[in-house]
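What follows draws every value from the coordinates through simple rules; no lab data is involved. Quick caveat, the model's predicted, so the values are computed rather than measured. All Cβ positions, glycine included, derive from the backbone under ideal geometry; neighbour counts span all protein chains shown.
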Amino acid sequence: MCGISLAINVKNIPVTQEQIKAMNDKVSHRGPDDEGFYFGSHFALGHRRLSILDLSPAGHQPMQWKHWWITFNGEVYNYIELREELKTLGHCFRSGTDTEVIVAAYEQWGTAAFSRFNGMWAFAIYDSKKSEIVCCRDHFGIKPLYFTRSGSWFLAGSEIKQFTVFPDFKPVLNKEAAVNFLVSGLLNYSDRTFFEGVYELRPGHYLRYDLSSHEVQVHAWYDLDKASVGIKDPFEPATQRTRELFLDSVRLRMRSDVPVGSCLSGGIDSSSMVSVIHSEKMANESFATVTSCYEDKRYDEQKFSDEVSRKTGFRSLKVYPDLNCLWDEGHFDKMLYHQDQPFSTASHYSEFNVFRKARENGIIVMLDGQGSDEFLCGYGEFFILRVREMLRRFQWLRAWRLIKAKAAHRGISPLAEARSFFRTAYYFGMVRTAKKLLGRSEYPWISDEWKAIAKEAVVQFDGKDIREQSLAEISHSSIPYQLHSEDRNSMMFSIESRLPFLDPRLVEYGIGLPSSFKIREGYTKYILREAIGELPESIRHRKDKMGFVAPDVPWIMQNKELVRKELEDAIANTGIFSDELLTRWDNFISGRSGYEPIYFRTMALNRFLKIFKMQLS
């Protein structure tokens, strides 16, 4: 895992080493093991290396392959298989790296090579014969890549902060991104970032830069909707196929020349990973897991993670995040700086502490369970969509049985579960529509200027059925911001994070499965529960979902003076918020109303603006 830099002078003036090194220095945490540069006539490539495969100097980047040069961040897990195929086609290799395989594959197949890679990546390849640079990003955007035009420069890199080393670059807030974050917590939903004029190369896309004309073209090389066809397999063969794909994905992602471990929350996903690593003998006694724990049992999953640890015998490391340190020790600002954007909840601090604990214990590669909820229907909205699907098909008895089964898991009456369904599926939407018709503001806590911005800029990604919802969450509303957070929290500690559930073969197969395979007998992710026979029964039949969580509300209640001061500062100095924000805050503190996420989001955005000295216009 690494950091990459690209600087092109559009006036055809040579790039200095000081300029490209300054970009590299901003992401030294991504690659503490080595540094390299390549200089063209009016451009430069930079690289910071975190050594994972072939730790020798043969892995130095930027790397030359004939008339190509590459700077690469990520891993192509099936590089061994691709290397053998390329050898039969006449290619010879000097190192044991996947970097060489990428360029050889690009020579052999051009941009068609991208669809052959199974992994996570962002890279830039310079072709001296064509005088062009091609930048590419993986299927789902696990590894980041940003670009901007600023004055005399076209710049690209792993993190936006790299651009701030150029005097021409002025950080200006993108109001569209900010308002969507404030009203609904949306992050990374499009190619727009919080920095006006800075764009994210979207997942499954590549960028072609003509060094002669300075023309830029962006193309899609991957389409998940087209790639995920309907699966006709019966349930039992589909369960076996799901298991096979998952096992192979985990096996590929265990390839490493440095110590490997895993996050372990005690949920189905991370427990599945750790369980199959043990049962399939993919790791030795050095393998360890890291779990985020809290004394408040509402936010703690130790009893489940402990079961997995007892069953597998792997070394169990635990960390107990203290939210007071989030503020008192400057971790809040540090995280905002590394994220290059605000975040919605303190749950990111749990993730931060897990990766810090891993690095303290010498673990360089960590597996994590992100991704399955979005295509195997792990979230509550998928259950709602499944019942609505049944009702539209007049399968009323089946819908009632599903509601009854879920009610039994939750220990409530079927009527209570049915009322909960109708409130979520219909009533809340009707209330929102009524407010709009009556002219009531949905966002009374923002200023009139920003209400006008919200009216034009707020977006929603709600699918009409389970397939559409999965595609929306993977492409826009869920996976992109989770991957962004995972990348920054892991790379802050020079750790490579790998995500077996986001193997494209598994995602495509999972999306194509019938919804009845994924939601059944009152359970979500039913097929995964059946496919992983190694799971402890208490985890297989878990009804509640937790993941990386943190006690936001108790911490806010304990620090209400600090929070109010931040809200007052945001109102006074940004022009974004109205005095209604404080009124609602006072009502919350006095017990007259419930907690609203806008309080944490306001603090995060306000601190973010200060850290990057962001201009509001």
Virtual paramagnetic centre 7 Å along Cα→Cβ of Glu596, amide N under 19 Å, in segment 164-185 = 178-185
Intensity falloff of segment 380-440 expressed as log10 I(q)/I(0), Debye formula with alpha-carbon point scatterers, at q = 0.18, 0.23, 0.24 Å⁻¹ = -0.66, -0.91, -0.96
Whole-Hz Karplus couplings 3J(HN,Hα) for segment 375-382, θ = phi - 60° and coefficients 6.51, -1.76, 1.60, Gly and Pro as x, run 10, 10, 6, x, 8, x, 5, 6
Within segment 319-350: backbone nitrogen closer than 20 Å to the Leu616 label point (7 Å, Cα to C-beta) = 341-343
Net length gained if the chain between Glu561 and Ser212 were fully extended (0.36 nm per residue, minus Cα distance) = 119.9 nm
Here the FRET efficiency for Ala58 versus Asp322, based on Cβ atoms and R0 = 45 Å and rounded to 0.05, is 0.55
What is the Cα centroid distance between segment 145-177 and segment 39-62, reported in whole angstrom?
-> 22 Å
Relative contact order (%) - criterion: Cα under 8 Å, at least six apart; region: segment 380-440 | 25 percent
Segment 506-594: GluC sites (Glu not before Pro) falling in loop per DSSP and having at most 15 other Cβ within 10 Å = Glu521
Could you calculate the FRET efficiency of Ser286 with Trp109 from 1/(1 + (r/R0)^6), where r is the beta carbon distance between them and R0 is 30 Å, rounded to 0.05?
-> 0.20
How much length is gained on full extension from Glu468 to Leu391, taking 0.36 nm per residue of separation minus their Cα-Cα distance?
-> 25.9 nm
Please list, in chain and number order, the residues 5+ apart from Asn78 or on another chain whose amide H is under 5 Å from its amide H, with Hs placed from the backbone.
-> Asn118
Taking 7 Å along the Cα-to-C-beta vector as the label spot, tell me the Asp257-Val229 distance in nanometres, rounded to one decimal.
-> 4.0 nm
Can you put Val229, Val76, Val216 in order, fewest other beta carbons within 10 Å first?
-> Val229, Val216, Val76
Charge context of Trp69, other residues only, Cβ under 13 angstrom, K/R +1, D/E -1 | -1
Straight-line reach check, Lys143, cutoff 12 Å on alpha carbons, 8 or more apart in-chain or any other chain, hits among aspartates and glutamates -> Glu75, Glu159, Glu200, Glu486, Asp487, Glu496
Cβ-Cβ FRET estimate between Gln240 and Asn573, R0 fixed at 51 Å, reported to 0.05 | 0.30
Amide H neighbours of Gly463 at under 5 Å, excluding residues fewer than 5 places away on the same chain, with H built from the backbone geometry, are Gln469
Counting trypsin sites (Lys or Arg not before Pro) as exposed when in a DSSP loop with at most 16 other beta carbons within 10 Å, what is the longest stretch of the chain free of them?
-> 282-392
What full-extension length gain, to one decimal in nm, is calculated for Glu84 and His541 as 0.36 nm per residue of separation minus the Cα-Cα distance?
-> 160.3 nm
Distant-in-sequence amide H partners of Phe577 (H built 1.01 Å from N, under 5 Å) = Ser447
Between Rg and the Kirkwood Rh of segment 553-611, both from Cα atoms, what is the Rg to Rh ratio?
-> 0.94
To the nearest 500 deg cm²/dmol, what mean residue ellipticity at 222 nm is calculated for the chain from DSSP H runs of n ≥ 4 alone, each contributing -39,500 (n - 2.57), summed and divided by the residues?
-> -12500 deg cm²/dmol
The simple spin-label model distance between Glu18 and Val458, using points 7 Å out along Cα→Cβ, in nm, is 4.9 nm
Run through every distinct alpha carbon pair of the chain and return the Kirkwood hydrodynamic radius in angstroms, one decimal place.
-> 25.6 Å
For segment 1-44, just run the numbers: alpha carbon Rg, then divide by 2.2 N^0.38 Å, N being how many residues it has.
-> 1.17
If you average over every viewing direction, what projected area does the convex hull of the Cα atoms of segment 277-387 give, in nm²?
-> 9.5 nm²
For segment 582-595, just list the computed ³J(HN,Hα) in residue order, Karplus coefficients 6.51, -1.76 and 1.60, θ = phi - 60°, integers in Hz, with x standing in for Gly and Pro.
-> 5, 4, 5, 4, 5, 5, 5, 5, 7, x, 7, 8, x, 6
For segment 204-294, with equal point scatterers placed on the C-alpha atoms only and solvent neglected, what are the log10 I(q)/I(0) values from the Debye formula at q = 0.16, 0.20, 0.23 1/Å, to two decimals?
-> -0.86, -1.01, -1.14
